[in-house]
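First the structure, in the form of structure tokens, and then the observations on it.
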Number of protein chains: 2
Amino acid sequence: MTDPRTITEYAARAADAARVLATWTGAQRRDLLHRCADALAAAEDRIIGVAAAETGLTPARLAGELARTTGQLRLLGDFVAADRHRDPLASPAAAPDGSDVVTVPVPVGPVAVFAASNFPLAFGVPGGDTAAALAAGCPVLVKAHPAQPETSRLLADLLAAALAAAPAGTFALVEGGPEVSLALVTSPPIRAVGFTGSLRGGRALMDAAAGRPDPIPVYAEMGSLNPVLVLPGAARDGNWAAALAAAVTGSAGQLCTKPGLVLVPACPAGTALADGIAVAVAATPTHRMLTEDMAAAHAEWLDRAANLPGTKLTSAPPPTAGTGERTPRPFVVQVEPEQLSGDLLEEHFGPTVVVCAAPVDAYPGIVARLAGSLTATLIVDPVDPADSDLAVALLPALAERAGRVVVNGVPTGVAVCDAMHHGGPWPATSAPWSTSVGTAAVRRFLRPVALQGLPAEFVAAVFPG
Amino acid sequence: MTDPRTITEYAARAADAARVLATWTGAQRRDLLHRCADALAAAEDRIIGVAAAETGLTPARLAGELARTTGQLRLLGDFVAADRHRDPLASPAAAPDGSDVVTVPVPVGPVAVFAASNFPLAFGVPGGDTAAALAAGCPVLVKAHPAQPETSRLLADLLAAALAAAPAGTFALVEGGPEVSLALVTSPPIRAVGFTGSLRGGRALMDAAAGRPDPIPVYAEMGSLNPVLVLPGAARDGNWAAALAAAVTGSAGQLCTKPGLVLVPACPAGTALADGIAVAVAATPTHRMLTEDMAAAHAEWLDRAANLPGTKLTSAPPPTAGTGERTPRPFVVQVEPEQLSGDLLEEHFGPTVVVCAAPVDAYPGIVARLAGSLTATLIVDPVDPADSDLAVALLPALAERAGRVVVNGVPTGVAVCDAMHHGGPWPATSAPWSTSVGTAAVRRFLRPVALQGLPAEFVAAVFPG
């Protein structure tokens, strides 16, 4: 566990580093980020070996995640080197006194990042928030996920070496439990927080940040139900059963964008689709979960769901002895629309989903009861006029409750690109205006400063980046 | 005082209005904003008469402020009609499944706006936050400033009539004290808060918003010292005394960007400039302050400053009997650098400023003790190499502490344009990433939603704006 005095020391060094980094150009920051990407890519086998052993995720999944991690480091570096983080609105204009005014982005200062367990690389120590903060010119203090000390230390060692050319204090790893988290968030030099994890954890950090003498923003990505609505025309396409089951069970159901609720129409095609999803989920091979606590919570949810009134459960058989407590049993809870409330409308990590056959005229009422999600998905037959009309009627309420609306796809893949928004209304995130994926993520660690009447040589000397 | 049940009713109607407004195009919203501007312009004489009587501000100042208010309504309307609120990064890209992803801005929902007393028009009922929220497509509940009931009601009546074509619930005025403020900020349908006022008031709203079951953002503009640093070369230009004194005393010193601290170099030219500012401030005619409480706080600060160790006061003579308790005595507090702490580094409303002659090598240490401000100003002789070197050395620390850095001007005029950033680090604002002035202000009431795989006809039908 990192000592509180060590956190104070790291934060003070980060504040010093911030002043130096603020004078760096975008091209210099790009070079830093590319060196980090190169270092991670060169250590691919070690990283995958250590992470697979510690997390239970498959080497194939981790290889894909590592490529994404190095890709986003490079993308964000290229983004700032090309000056694309500058606000296109901020072209020079005349101030009241006739002088020019122009707005430039400056880094906010030291950032605290909390590594997520379910993406040990892409949202872990060298993940999206770390990449965005470094791209913005902010030093980073990353807190390792307590379940992944070995992976975190290996990644931190690789980053620290790759950042040798950066000012001392640009990067540090801290480890520990809730007290360390709170010490980090309340440390005076810290100017912003990035977090991916549970609602309870995120809320605790938000409360601590809001209670500081000088409140700071917490960009927290938390729980998300990710509802999927299947319309009657599309329900006739039985292929959706396999696609949705794969989205539910991929990575043992431990994705933030995993569908947690599927509404199918109460008609023969809809109920056949519901049964198809149930069978496919229960039959999908899975692997151990990230932590014993998560596996226990999944097993406990299986017990609880089986005893809810009006539910029908389809689950994989109990594991044979010796497969370990971390291996989850995939299961589907089928419920009547009138039972849909409470726990059935909340996120449950693991290979499980709630499936409900409901008359389509009940869809709007169900949607109205949903909290904010990262995603909302419509499965629709676009050449069926009835489906199209229903889709247009339902889309506004889905957009009101989600950061990404998907039509005829599954929500689990998130493109890392300019156009991506990965966020959403509470409780999916604490900051619905901000994205944790894509180039726009750099903005959460930048702050505009208007420069009025500054001679060009001052701008060039002081605000290069 | 507005009844709590009435606030609940207004907020529910605003939530209904939000769903309709979300289907409007930018051009439709522009037309709304232009009608508001037209209605205010047509009632200019009445507005200025009522506001002058209630606030003590001069008709000339209020005429300028009204032009700014109508101008920003029109500018923000034109901005969204031209689709300039769309994120240029959000051009279509390929999602992992090969479908297109594009991000569109959607309105956040009902917004609570707290009218400021010091700009009864431009930051009042029809002010910047109201214009930005309507431009974004958000209904607005405005709380009148308690000191300005007549002005607020007149402006609200004019707006309500101009908004007749908008959905019912798009606009409402509420009145009352702190309980009404808290009821508004904790009302479930409210999605964001705009506030301009005191640090104490802003912090109370922030704490209430952060304590909601679903925390919402508060965009609060609060106290600001607005330091001005005069460098030795520039101190030789005696014209700065009159310019700075005018910035301190304009609108009776009740501007958020009023200089509160002027550092001059400890040299003959610097001390002459300090004396010149002191004489000019004390000699400037003033007018009554916005409220009796503000006038009392100003008088109390005069008493307190006179008794601080090591200060020298230059003040206007006491008012003759009968000029009213709201008329302030302009004064300047001259202090030694070693006295600069506590109260002397905080914002004081009214025609007053702290002036300190210090060796220029003490400037960095003084700047390091300053909290966040809306502005920071350097007065520099750009053809004097010593001044230029000092400026380049000081600018990074000023940018770290301000939302706008001004060179060779006064900070009190704020241009309403694309390039403006009016914000700054805590305690100047609660959201250093956001501006309350200029077209970028619309963004605080928008939220991105990524649309993945949506047929073009769905996008056109559901996300027109």
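The values are calculated or read from the model by the stated rules, or taken from the named source; none is laboratory data. Keep in mind it's a predicted model, so treat the numbers as computed, not measured. In this analysis, Cβ positions are derived from the backbone assuming ideal geometry, glycine residues included, and neighbour counts consider all displayed protein chains.
Quick check on the range B:190-205: of everything there that is crowded, with 23+ Cβ neighbours inside 10 Å and within 11 Å of another protein chain (Cβ to nearest Cβ), which residue is farthest from A:D214 (Cα to Cα)?
By that ranking, first place goes to B:R191.
Determine whether B:A132 is closer than 30 Å to A:V437 by Cβ and under 21 Å from the mean Cα position of the chain (by Cα).
yes
Could you list all residues from the range B:226-240 that are surrounded by fewer than 22 Cβ atoms within 10 Å (Cβ to Cβ) and closer than 22 Å to B:L395 by Cα?
Once the filter is applied, which keeps residues that are surrounded by fewer than 22 Cβ atoms within 10 Å (Cβ to Cβ) and closer than 22 Å to B:L395 by Cα, the range B:226-240 yields B:P232, B:G233, B:R236, B:D237, B:W240.
From the residues in the range A:78-92 that are free of Cβ contacts under 8 Å to residues at least 24 places away in the same chain and surrounded by 18 or more Cβ atoms within 10 Å (Cβ to Cβ), which one is nearest to the other protein chains (Cβ to nearest Cβ)?
Within the range A:78-92, the match that is nearest to the other protein chains (Cβ to nearest Cβ) is A:L89.
Hey, A:P88 hits all of (1) assigned to a helix (DSSP H, G or I); (2) at pLDDT below 95 but one; which does it fall short on?
Among (1) assigned to a helix (DSSP H, G or I); (2) at pLDDT below 95, A:P88 violates only (1).
Condition first: under 18 Å from A:V410 (Cα atoms) and in contact with a strand residue (DSSP E or B) (Cβ under 7 Å, 6 or more places away or on another chain). Can you find one or more residues in the range A:208-222 that meet it?
Looking through the range A:208-222, none of the residues is under 18 Å from A:V410 (Cα atoms) and in contact with a strand residue (DSSP E or B) (Cβ under 7 Å, 6 or more places away or on another chain).
Answer yes if at least one residue in the range A:98-107 is facing another protein chain (nearest Cβ under 7 Å), part of a loop (DSSP other than H, G, I, E, B) and touching a strand residue (DSSP E or B) at 6+ places or on another chain (Cβ under 8 Å), and no otherwise.
Taking every residue of the range A:98-107 in turn, at least one turns out to be facing another protein chain (nearest Cβ under 7 Å), part of a loop (DSSP other than H, G, I, E, B) and touching a strand residue (DSSP E or B) at 6+ places or on another chain (Cβ under 8 Å).
Among the residues that make up the range B:36-44, is at least one of them within 23 Å of the chain's Cα centre (by Cα) and closer than 28 Å to A:T435 by Cβ?
Within the range B:36-44, none of the residues are within 23 Å of the chain's Cα centre (by Cα) and closer than 28 Å to A:T435 by Cβ.
Pick out the one residue from B:A371, B:A376, B:A386 that is in contact with a helix residue (DSSP H, G or I) (Cβ under 8 Å, 6 or more places away or on another chain), closer than 20 Å to B:S341 by Cβ, surrounded by fewer than 22 Cβ atoms within 10 Å (Cβ to Cβ) and among the hydrophobic types (A, V, I, L, M, F, W, C).
Residue meeting the stated conditions: B:A371.
Please find, among B:L313, B:L340, the residue that is in the same structural domain as B:G233 (by TED's automatic domain parsing) and under 26 Å from B:R200 (Cβ atoms).
B:L340
Can you tell me how many residues within the range A:116-136 are out of contact with any Gly (no Cβ under 7 Å at 6 or more places or on another chain), outside any helix (DSSP H, G or I) and of a type in the set (G, A, S)?
Selection size over the range A:116-136: 3.
Quick one: which helices (runs of 4 or more DSSP H) lie wholly within the range A:357-465 and hold at least 2 residues that are at the interface with another protein chain (Cβ under 8 Å from one of its Cβ atoms)?
A:385-400, A:456-462
Quick one: A:L182 ticks every box in (1) closer than 30 Å to A:G413 by Cα; (2) of a type in the set (A, V, I, L, M); (3) assigned to a helix (DSSP H, G or I) except a single one, so which number is it?
(1)
So in the range B:428-465, with the set limited to residues that are aromatic (F, W, Y) and either without any contact (Cβ under 8 Å) to a residue 12 or more places away in the chain or within 18 Å of A:S434 (Cα to Cα) (or both), which one is surrounded by the most Cβ atoms within 10 Å (Cβ to Cβ)?
Taking the candidates together, the pick is B:F445.
Looking at B:A156, B:A165, B:A160 in this structure, which one is surrounded by fewer than 21 Cβ atoms within 10 Å (Cβ to Cβ), of a type outside the set (D, E) and either assigned to a helix (DSSP H, G or I) or not assigned by TED's automatic domain parsing to the domain that holds B:R13 (or both)?
B:A160
Quick one: which helices (runs of 4 or more DSSP H) lie wholly within the range A:210-312 and hold at least 1 residues that are in contact (Cβ under 8 Å) with a residue 24 or more places away in the chain, out of contact with any helix residue (DSSP H, G or I) (no Cβ under 7 Å at 6 or more places or on another chain) and within 18 Å of A:L340 (Cβ to Cβ)?
Those helices (runs of 4 or more DSSP H) span A:268-283, A:292-306.
Hey, can you tell me all the residues within the range B:181-204 that are within 17 Å of B:S152 (Cβ to Cβ) and in contact with a helix residue (DSSP H, G or I) (Cβ under 7 Å, 6 or more places away or on another chain)?
Listed by number, the residues that qualify are B:S181, B:L184, B:G194, B:F195.
For B:F79, which of the numbered conditions (1) touching a Ser or Thr at 6+ places or on another chain (Cβ under 9 Å); (2) farther than 16 Å from B:A441 by Cα fails to hold?
All conditions are met except number (2).
In this structure, is A:T2 surrounded by fewer than 22 Cβ atoms within 10 Å (Cβ to Cβ) and farther than 18 Å from A:A162 by Cβ?
Answer is yes for this residue.
Of the residues B:G127, B:G56, only one is more than 14 Å from chain A (Cβ to nearest Cβ), in contact with a strand residue (DSSP E or B) (Cβ under 8 Å, 6 or more places away or on another chain) and farther than 29 Å from B:A450 by Cβ; which?
So the residue among B:G127, B:G56 that is more than 14 Å from chain A (Cβ to nearest Cβ), in contact with a strand residue (DSSP E or B) (Cβ under 8 Å, 6 or more places away or on another chain) and farther than 29 Å from B:A450 by Cβ is B:G127.
Going through the range B:2-15 one residue at a time, which ones are assigned to a helix (DSSP H, G or I), more than 17 Å from B:F445 (Cα to Cα) and not β-branched (V, I, T)?
Those that are assigned to a helix (DSSP H, G or I), more than 17 Å from B:F445 (Cα to Cα) and not β-branched (V, I, T): B:P4, B:R5, B:E9, B:Y10, B:A12, B:R13.
State the number of residues belonging to the range A:93-146 that are at positive phi and touching a residue at least 24 places away in the same chain (Cβ under 8 Å).
Residues flagged as at positive phi and touching a residue at least 24 places away in the same chain (Cβ under 8 Å) within the range A:93-146 amount to 2.
Could you list all residues from the range B:1-15 that are within 17 Å of B:F171 (Cβ to Cβ) and either among the aromatic types (F, W, Y) or at pLDDT below 95 (or both)?
If the condition is that a residue be within 17 Å of B:F171 (Cβ to Cβ) and either among the aromatic types (F, W, Y) or at pLDDT below 95 (or both), then B:T2, B:Y10 are the ones that fit.
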